[in-house]
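These notes concern the structure reproduced below.
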Amino acid sequence: MQTVLGAGGPIADELVRELHRSHTQDLRLVSRKPSRVHDTDEPVPADLTDADATRRAVADSEIAYLTVGLPLDSDLWERRFPVIMRNVIDACAEHGTKLVFFDNTYMYPGTSTPQTESTAFAPGGRKGRVRGEIATLLLEAMRAGRVEALIGRAPEFYGPGHTKSYTHSLVFDRIKAGKRPLVPVDARARRSLIWTPDASRALALLGNTPDAYGQTWHLPVDPDRKSYAELVEIAGEVTGRSIGYTVLPLLAFRLGGRIVRPLGEMGELLARYRDDNIFDSSKFAARFPEFPVTTYREGVARILAG
């Protein structure tokens, strides 16, 4: 039995498909209102902030994948994420279940220095501090031998379907709607974006690779990083349209954040849009050289064809 905690999002659903396709059909899907992806899936409703419900959800699982996402709300993150992580660690420790944690980069410093698995945490705001806290909770449990686990970390998403990210809402969704894309802060800074199906396939591979445990892994990205200007240019080439863009300066986000809460919640991340954002996934590439990574051109073409 392999269990996905936080089923229902684009990462989790693609993870379930990859696990079913390549590793096992004995899958349990856990969320507040889970839905089957395959007829053989076992949906289990559970609130992971409830310790007893979490223990029941993890029971009899060989591997559990923690993929829970919450709305971009700092108050909510501070209340729920540490509780969820403690409950999941406790449940996995009790049942002898391996844990695969899908993490993000919010705790990394917002500088142009390339980010590796050894980059020290230096969060720039409340959400980053929460992500650093829960990653540290798991790392401490791993070092103490309480749980056999690994961390798979990903930068900002882009991908098919209902992928959610600032790049999608400001750039790709607007291009699909025939609107002018809005580029955050700097059109020439190079971006590190991960294709969501690649992230899920890599997470499934790591979870089913015994020697991957006890480590943090940066999930694979196209190493030929593109700026927003280049991504918009690619969008124009694949659609056969002339597409311009408007750069939203820092001041626009600061003023808009007073009125539109999602813009305010983005504030702590703006530094990584001002400078190059280089997420280094060479460790994964060296360990799994045959893993196919979607190029930015392939990804943009698929998004705009959908």
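On the stretch given as the stretch 11-63, residues that are of a type in the set (Asp, Glu) and assigned to a loop (DSSP other than H, G, I, E, B) total 7. If the condition is being surrounded by fewer than 18 Cβ atoms within 10 Å (Cβ to Cβ) and either among the acidic types (Asp, Glu) or within 16 Å of Gly267 (Cβ to Cβ) (or both), then the stretch 95-121 contributes Pro109, Glu117. Of the residues making up the stretch 277-300, those that are acidic (Asp, Glu) and in a loop (DSSP other than H, G, I, E, B) are Asp280, Glu290. Checking Ser227 against (1) of a type in the set (Gly, Ala, Ser); (2) modelled with pLDDT under 95; (3) closer than 17 Å to Val171 by Cβ, only one condition comes out false. Which one? The failed condition is (2). For the stretch 141-168, give me each residue that is assigned to a strand (DSSP E or B) and farther than 23 Å from Glu298 by Cβ. Result: Ala149, Leu150, Ile151.
Of everything listed in (1) under 24 Å from Ile194 (Cα atoms); (2) hydroxyl-bearing (Ser, Thr, Tyr); (3) surrounded by fewer than 20 Cβ atoms within 10 Å (Cβ to Cβ), the single unmet condition for Thr24 is (1).
Could you list all residues from the stretch 55-92 that are touching a strand residue (DSSP E or B) at 6+ places or on another chain (Cβ under 8 Å) and among the polar types (S, T, N, Q)? Of everything in the stretch 55-92, those that are touching a strand residue (DSSP E or B) at 6+ places or on another chain (Cβ under 8 Å) and among the polar types (S, T, N, Q) turn out to be Ser61, Thr67. Looking across the stretch 76-111, just one residue is in contact with a Gly (Cβ under 7 Å, 6 or more places away or on another chain) and of a type in the set (Ser, Thr, Tyr), and that is Tyr106. Pick from the stretch 51-73 the residues that are surrounded by fewer than 17 Cβ atoms within 10 Å (Cβ to Cβ) and among the small types (Gly, Ala, Ser): which of them is farthest from Met1 (Cα to Cα)? Residue satisfying both the conditions and the ranking: Gly69.
The condition of being crowded, with 18+ Cβ neighbours inside 10 Å and in the same structural domain as Asp276 (by TED's automatic domain parsing) holds for only one of Leu203, Leu182, Leu231, that being Leu231. Evaluating Val171 against the criteria (1) farther than 25 Å from Ile303 by Cβ; (2) among the aliphatic types (A, V, I, L, M); (3) buried (at least 22 other Cβ atoms within 10 Å of the Cβ) leaves one unmet condition, (1).
The values are calculated or read from the model by the stated rules, or taken from the named source; none is laboratory data. These numbers come from a predicted model, not from an experiment. Neighbour counts run over all protein chains shown; Cβ positions are idealised from the backbone, glycine included.
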